[in-house]
Amino acid sequence: MAYELIEVRTEAGKVGVITLNRPKQLNALNNQLMDELGQAMKAFDADEAIGCMILTGSEKAFAAGADIGAMASYTFADVYKGDYITRNWETIRTVRKPVIAAVSGFALGGGCELAMMCDFIIAADNAKFGQPEIKLGIIPGAGGTQRLPRAVGKAKAMDMALTGRMMDAAEAERAGLVSRIVPLDKLMAETLGAALAICDYSQLAVLAAKESVNRAFESGLADGVMFERRLFHALFATQDQKEGMDAFVNKRKAQFKHQ
Ligand code: CO8
């Protein structure tokens, strides 16, 4: 399908790359963009050839938040009754394959929340993260007050949600919001390298690892460890486990068949 506000391409036949493309508005997230993003993600998730996805924006902005102009006249009744704003925001959480956010420039408000919905964030050295909704008389509405404290702890999350200040890439890495920082001109190469490495592993193990890490945020420790153990046990039923361990024992590279 043709998209207007995102660009979609495939790298090496196995990495799905989605680029947010509303440059004049710093990739402000409106309903059409979120609909297109949801459709593209579901399509890549259903595509057998794809092993991993990358979500990125422009050098200046990953996304500067939900579209303030579009939201400005909404009433409580509009947003509570309708699916304005909320539709398609959680689609990314239903995607089973890994999604890496490659963030350069501003990731603010809904943009920061969108990055946090991805499985991990690789940031360029010019990245800036923030939840500035307080300045607009609202609070984060797509998980910012929930995922940010889990990522960076209460102190920094509260600081950011209450003061609206931005965190630069170095602070975001120290705080645990991003997994790596790279120079801006290396951002896509580094992220693609990570995505290709993931594609080469057993997809069964990759899906299980993603599910199990996510479970850490949604259950208590005992439940989470039991969930992990059951998935760990289940992977011994796969051919890829036999292949991976045989390859190690025989000092050769594993060739996973995703079975
Ligand atoms: N929405 C709409 N337009 C935007 C947005 C936005 N979030 N951000 C930037 N723009 C537009 C500007 O209006 C401007 O347009 P124009 O050229 O027509 O005037 C253009 O992008 C360029 O922006 P600036 O001139 O402001 O560029 P600067 O480099 O001077 O500043 C900033 C960049 C700091 C990023 C600044 O644009 C800014 O502060 N933007 C707003 C950031 C913000 O408040 N984000 C939070 C929005 S609220 C939100 O995200 C709630 C999410 C709830 C999700 C709920 C789902 C269930």
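Each DSSP beta bridge with both residues in the chain is either parallel or antiparallel, and the antiparallel ones are about 30%. Across all directions, the average projected area of the convex hull around the alpha carbons of region 202-250 is 3.4 nm².
Only Cα sites of the chain enter the Debye sum here, all with the same form factor; the resulting log10 I(q)/I(0) across q = 0.07, 0.10 1/Å is -0.26, -0.52, listed in q order.
Here the chain has 57 percent of its accessible surface on carbon and sulfur atoms, given a 1.4 Å probe and all protein chains in place. Over all alpha-carbon pairs in region 83-158, figure out the percentage whose distance exceeds 19 Å. Cα-Cα pairs in region 83-158 separated by more than 19 Å: 36 percent. Counting only protein heavy atoms and using a 1.4 Å probe, the accessible area of Glu173 comes to about 80 Å². First check a/c for region 41-141, with a ≥ b ≥ c the square roots of the eigenvalues of its C-alpha gyration tensor; if it is under 1.5, answer rounded, and if not, answer prolate when a/b is larger than b/c or oblate otherwise. Oblate is the answer for region 41-141, as a/c is 1.5 or above yet b/c matches or exceeds a/b. In loop segments of region 118-159 as defined by DSSP, there are no trypsin sites (Lys or Arg not before Pro) with at most 14 further C-beta atoms inside 10 Å of their C-beta. Residues of the chain were split at every exposed loop site, defined as chymotrypsin sites (Phe, Trp or Tyr not before Pro) in a DSSP loop with at most 15 other C-beta atoms within 10 angstrom, and the longest piece left, sites excluded, is 85-259. The relative contact order of the chain, computed from alpha carbon pairs under 8 Å that lie at least 6 residues apart in sequence, is 16 percent. For region 1-48 versus region 123-175, the spacing of their alpha-carbon centroids is 24 Å.
Proximity of backbone amide H atoms, modeled 1.01 Å from N, is registered between Phe120 and Val99, Ala101 at under 5 Å, excluding neighbours fewer than 5 places apart on the same chain.
Would you be so kind as to identify all helices of the chain, as entire DSSP H runs, whose Cα atoms reach 30 Å or more along the helix's own axis and whose mean Kyte-Doolittle hydropathy is at least -0.5?
Once both thresholds are applied, nothing remains.
The trypsin sites (Lys or Arg not before Pro) of region 32-104 that DSSP puts in a loop, and whose beta carbon has at most 12 other beta carbons within 10 Å, are Arg96. Filter Lys60/Lys154; Lys97/Lys242; Lys24/Lys135; Lys97/Lys257; Lys128/Lys154 down to the pairs with a C-alpha to C-alpha distance above 25 Å, please. Too far apart for the 25 Å limit: Lys60/Lys154. In region 111-259, the inverse of the mean reciprocal separation of distinct Cα atoms equals 17.7 Å; this is its Kirkwood hydrodynamic radius.
The values are calculated or read from the model by the stated rules, or taken from the named source; none is laboratory data. All values reported here derive from a predicted model rather than from experimental measurement. With ideal geometry, Cβ positions are generated from the backbone for all residues, glycine too; neighbour counts draw on all protein chains shown. These accessible areas exclude ligands, DNA and RNA; they are computed on the full protein's heavy atoms, side chains included. Shrake-Rupley method; radii C 1.70, N 1.55, O 1.52, S 1.80 Å.
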